[in-house]
Amino acid sequence: MTDALIHRGPDGSGYEYVEHQAYSVGLGHRRLSIIDLSETGKQPMKFGNLCITFNGEIYNFLEIKKELQVSGHQFIGHSDTEVILHAFSEWGIKCIDRFIGMFAFVIYNSEKEELTCVRDRAGVKPFFYYWDKGVFLFASELKSFDQHPKFKKEINLDAVAAFMQFGNVPTPYCIYKDCFKLKPGHYLSVKLNTKELSQTKYWDVYDAYNKPKLDISFEEAKVETEKILKSAFDYRMVSDVPVGVFLSGGYDSSLLTAILQKDRSEKLKTFTIGVPDIGLNEAEYAKDVAKHLGTEHYEYTCTQKEALELIDDLPHYYDEPFADSSAIPTTMVCRMARKQVTVALSADAGDEIFAGYNRYDYLMRYGKKLNHIPSFLRAMTVGSMNAIPAEKIPVLKNKYNFSNRYEKLKGLLKDPSPKNLMLNLSRQYTDDQLKKIMAFPFNNLETYYLNEDLKQSFYSPLAYMMAIDYQTYLLDDILQKVDRASMSASLEGREPFLDHRIIEWAAQLPDDFKYYKGSKKHILKEITHQYLPKTLMDRPKQGFAIPIDNWLTNDLKEKVLYYLNEPKIEQQGIFKVDFIQKLKRDFYSGKKELAQKLWYVLMFQMWYEKHM
């Protein structure tokens, strides 16, 4: 099971096996040496009646270690793993409240005959588990389970339907039956004698949003925000191996680099990738930022051919169906960085925490306007739109993605609430479209998209959308993408913006500190302008966009014809043959707005062939 994850830990492996009359327990570990490179950092690690296998980093472990030493604890090595064991021995499960870091770990307590499984607050580190008839398996990636003789590999059809909507399988569900993702901010207890499982929440992003907004001036907020960011960023530099930073030239990664470089005499290593063939090239912006800040900058220009060749590798590393095409450039930049460093900092989550996405713009600009249209007028408009299909509307029908937007607008006119706006902007296939594509009855899974934990007294549409994004898109798309991409290159990815102290602080800032007069990430931008000239930074947000419609039309057409051929679809019995054939026909006869829908099907089919 651990050998299947050799890419996650090429530096060594370890096993602990316990045979008991009522149960047997096996703990396995693959090591990527980051802190304490000696044998004293090897896992699984024991202390007294405890044994741990741990993936991640506890960045403040040295402070916790000092506290434990005062209480009489003695340490053999200088790893954070050993600190977790001693902290757990001293404070029990409450020790996790002290941890600043990213972590997924399992501790076996031989005295209590219990397993404790913990996942970090934001879900940076993955934790899959399988539970069926007394067999409990856990791993960082699903492919480990294939190696266990008692793992029954059956596809969860409800999860397939959810994937077709969101482009990933939402937490806590999994693509297989009896498989789950441990929720972020939760721990799982397994009583080995009685075979009882119980899950407990120890942290929730809504605890931060369900607090009064701070009565503070913008200038005071700026100073305090910068202080918290600096602390979080500095912690992510703790390492016994070389560390680098992914620099896109956008606000989040530029601020991260600027704050870290400011008080350092040695030059930070920064990394950027560009694929000019496909118009994906932020390299020039990143180079300008790197030059201004004085970093040791590495720029990798790759070809479309190299990007396309990666597609065949995706189903191996993303062993659940995954449809975010930016996994391709993310994997490429990770492979490039690994030639120089073992740890790379990524600036993800700035958008979810400080209001950076365009959808927040739509909400703030159009949400109120749509809600002000009387309901009878909205209903009449939807009726008219139902009578006139998108392809019958002159001029507009030729606009890119018009058909898709037309459908989404109908959904918004029916119900322009922030909840429906969020669902509309997050789903590729609507519920009605799903019924047309799926060849089986399915249930809609209850996801974090339906969370109603934001209390009415603290509610604002912006807070609502950002909290939902933190629990959905960030968790199941961004973090999953960066984890698999970095680990495919045996590179540890660290996420400084996901220090829990940042969201706990930012959630209490007034909304207009984050979104101000049409300016997204307002406070973050104002802090960045203290380090970098505004003229260097002001430009449209780019992101890692891949020209999917172009690829599917040309280079990937053979793949589409192979993976989506009629006998294959018929034999699987998952999708309706007629729908898939029509989707292909419509796309290849010019409806380029269907590219994403076709890509979702292709990604599923490639995953299915590899794993089923």
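Annotations for the structure displayed:
- Assigned charges on the beta-carbon of Lys, Arg, Asp, Glu; the chain dipole about Cα centre (debye): 1800 debye
- Bridges between two residues of the chain, per DSSP, are antiparallel at a rate of about 75%.
- Per principal axis, descending, Cα span of the range 537-612 in whole Å: 52, 31, 20
- Other residues with beta-carbon under 12 Å from the beta-carbon of residue 563 carry, at +1 per Lys or Arg and -1 per Asp or Glu, a net charge of +1.
- Rounded to the nearest 500, the helix-only mean residue ellipticity at 222 nm of the chain stands at -11500 deg cm²/dmol, with each DSSP H run of n ≥ 4 adding -39,500 (n - 2.57).
- Using the Cβ of residue 42 as centre and a radius below 14 Å, the other residues enclosed give a net charge of -3, where K and R count +1 and D and E count -1.
- Annotation for the range 419-526: GluC sites (Glu not before Pro) lying in DSSP loop with at most 13 further Cβ atoms inside 10 Å of their Cβ are 446, 452.
- Prolate/oblate/rounded call for the range 477-563, Cα gyration tensor, a/c under 1.5 rounded: prolate
- The distance between label points at residue 501 and residue 67 comes to 1.2 nm (points 7 Å beyond Cα on the Cα→Cβ vector).
- Proximal charge balance of residue 201 [Cβ under 12 Å; K/R count +1, D/E count -1]: 0
- Among the chymotrypsin sites (Phe, Trp or Tyr not before Pro) in the range 185-284, those located in a DSSP loop and surrounded by at most 14 other Cβ atoms within 10 Å of their own Cβ are 202.
- The range 250-277 versus the range 314-361: alpha-carbon centroid distance in Å: 16 Å
- Most positive-pole-ward Cα, 160, 62, 530, against dipole of the chain from beta carbon charges: 160
Taken together, the values in this text are just the output of simple stated rules run on the coordinates, not laboratory data. What you are looking at is a predicted structure, and each value in this text was computed from that prediction instead of being measured. Note that we place each Cβ from the backbone using ideal geometry, even for glycine, and neighbour counts take in every protein chain shown.
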